[in-house]
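Below is one structure; the comments refer to it alone.
The values are calculated or read from the model by the stated rules, or taken from the named source; none is laboratory data. If you're wondering where the values come from, they're calculated on a predicted model, not measured in any experiment. All Cβ positions, glycine included, derive from the backbone under ideal geometry; neighbour counts span all protein chains shown.
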Amino acid sequence: MITVIANLKGGSGKSTVAFNLAVWLEINGHHVVGYDLDPQCTFSDLGMLRKEIGNKPELEIHPVRAVLKEQLLSHEDAEVIVDVGAANMAAMKEAMTAADRILIPVPPSQADVWATQRFLHIIGPDLEATKLNGRQKILAFVNRADTNKSIRETHETESALKMLPGIDVVLPYRLRMRTSFRRSLSEGMTVFEMWPRGKAAEEFRILARALYPHVVSH
Ligand SMILES: Nc1ncnc2c1ncn2[C@@H]1O[C@H](COP(=O)(O)OP(=O)(O)O)[C@@H](O)[C@H]1O
Ligand SMILES: [Mg+2]
């Protein structure tokens with residue numbers, strides 16, 4: 001399956017989610033081929049850091065400026081995860097034509113809902129063309145949700161996302177704002193490797209299992 005993780009805005013957590021998902025899949029027995037199409041190269045830098053430190057499993061992540069649809073479709077026995085940034089729109093659009101689904105992490109704010117709306121507007125015409133194969137899905141979820149449940153932004157963001165034309169599913173599984181995401185990344189690790197019993201790991205596993213229901217995880 002080809003999953004493209006995308007959003008117009010930087011800082012929404014694309015690379016963090018791509019990296020944590022890639023390691024989670026590898027640990028659970030599924031080979032991952034990653035493509036990093038963002039000139040910032042965070043996803044591939046994390047893979048490199050992991051290798052340098054000697055953390056296992058290693059990840060196969062290709063930092064590339066462009067990728068062809070055929071190339072993405074050629075990995076029949078692997079899970080493909082593509083991290084894209086708005087700085088490389090052409091590559092983003094090409095990747096989307098091959099994608100089985102597009103996963104959009106959205107921080108809980110009105111500005112991020114607007115940015116997501118704009119993003120859907122920009123990619124809309126390209127998706128219409130590829131949607132003809134009937135399998136492409138656009139999924140969104142809230143990342144960096146407030147840990148204080150009485151703050152309304154997360155709920156409001158989910159409600160606003162549900163009303164956006166172009167989003168097929170708003171996943172009810174949030175990742176909250178947890179410093180462990182930042183800290184683990186700086187060690188080339190995932191939250192569930194560093195703090196397996198932590199809240200971030202628990203929330204992440206719920207999201208990962210929902211995204212990959214066929215994966216038998218532990
Ligand atoms: N749920 C979260 N809680 C806390 N920090 C997060 C969370 N998700 C991402 N971050 C941090 O936010 C920063 C930006 O995330 P990143 O994945 O690089 O965003 P993007 O790839 O969309 O630009 C990183 O320092 C990352 O560790
Ligand atoms: Mg990034």
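Total residues in the range 153-164 satisfying the condition of being buried (at least 20 other Cβ atoms within 10 Å of the Cβ) and either within 16 Å of ligand 2 (Cβ to nearest atom) or among the hydroxyl-bearing types (Ser, Thr, Tyr) (or both): the figure is 2. Of all the listed residues (72, 103, 59, 46), the sole one being at pLDDT 95 or above, hydrophobic (A, V, I, L, M, F, W, C) and in contact with a Lys or Arg (Cβ under 8 Å, 6 or more places away or on another chain) is 59.
Provide a single number: the residues in the range 5-41 that are among the β-branched types (Val, Ile, Thr), within 13 Å of ligand 1 (Cβ to nearest atom) and either part of a strand (DSSP E or B) or in contact with a Gly (Cβ under 9 Å, 6 or more places away or on another chain) (or both). Quick ask: steps written out before the conclusion?
Filtering the range 5-41 down to residues among the β-branched types (Val, Ile, Thr) leaves 5, 16-17, 23, 27, 32-33.
If we keep only those that are within 13 Å of ligand 1 (Cβ to nearest atom) as well, we get 5, 16-17.
Cutting the leftovers down to either part of a strand (DSSP E or B) or in contact with a Gly (Cβ under 9 Å, 6 or more places away or on another chain) (or both) gives us 5.
The qualifying residues number 1.
Scanning the range 42-74 for residues that are in a loop (DSSP other than H, G, I, E, B), touching a Phe, Trp or Tyr at 6+ places or on another chain (Cβ under 9 Å) and surrounded by fewer than 18 Cβ atoms within 10 Å (Cβ to Cβ) yields one hit, 64.
Report those helices (runs of 4 or more DSSP H) wholly inside the range 75-189 carrying at least 3 residues which are over 17 Å from the mean Cα position of the chain (by Cα).
Numbers: elements: 89-98, 110-130, 153-162, 179-185.
Filter on the range 75-189 gives 110-130, 153-162, 179-185.
Only one of these is in contact with a Ser or Thr (Cβ under 7 Å, 6 or more places away or on another chain), at pLDDT 95 or above and under 19 Å from residue 5 (Cβ atoms): 144, 182, 174, 178. Name it.
Details: 144 fails: in contact with a Ser or Thr (Cβ under 7 Å, 6 or more places away or on another chain); 182 fails: in contact with a Ser or Thr (Cβ under 7 Å, 6 or more places away or on another chain); 178 fails: in contact with a Ser or Thr (Cβ under 7 Å, 6 or more places away or on another chain).
Selected residue: 174, the only one of 144, 182, 174, 178 that is in contact with a Ser or Thr (Cβ under 7 Å, 6 or more places away or on another chain), at pLDDT 95 or above and under 19 Å from residue 5 (Cβ atoms).
Yes/no matrix, rows are residues, columns are (1) among the basic types (Lys, Arg); (2) over 26 Å from residue 30 (Cβ atoms); (3) surrounded by 20 or more Cβ atoms within 10 Å (Cβ to Cβ); (4) out of contact with any Cys (no Cβ under 6 Å at 6 or more places or on another chain):
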| position | (1), (2), (3), (4) |
| --- | --- |
| 151 | no, yes, no, yes |
| 166 | no, yes, no, yes |
| 177 | no, yes, no, yes |
| 188 | no, no, yes, yes |
| 193 | no, no, no, yes |
| 204 | no, no, yes, yes |
| 216 | no, no, no, yes |
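If the requirement is being under 18 Å from residue 122 (Cα atoms), touching a Pro at 6+ places or on another chain (Cβ under 9 Å) and surrounded by 16 or more Cβ atoms within 10 Å (Cβ to Cβ), which of these qualifies: 37, 8? Sole residue among the options that is under 18 Å from residue 122 (Cα atoms), touching a Pro at 6+ places or on another chain (Cβ under 9 Å) and surrounded by 16 or more Cβ atoms within 10 Å (Cβ to Cβ): 37.
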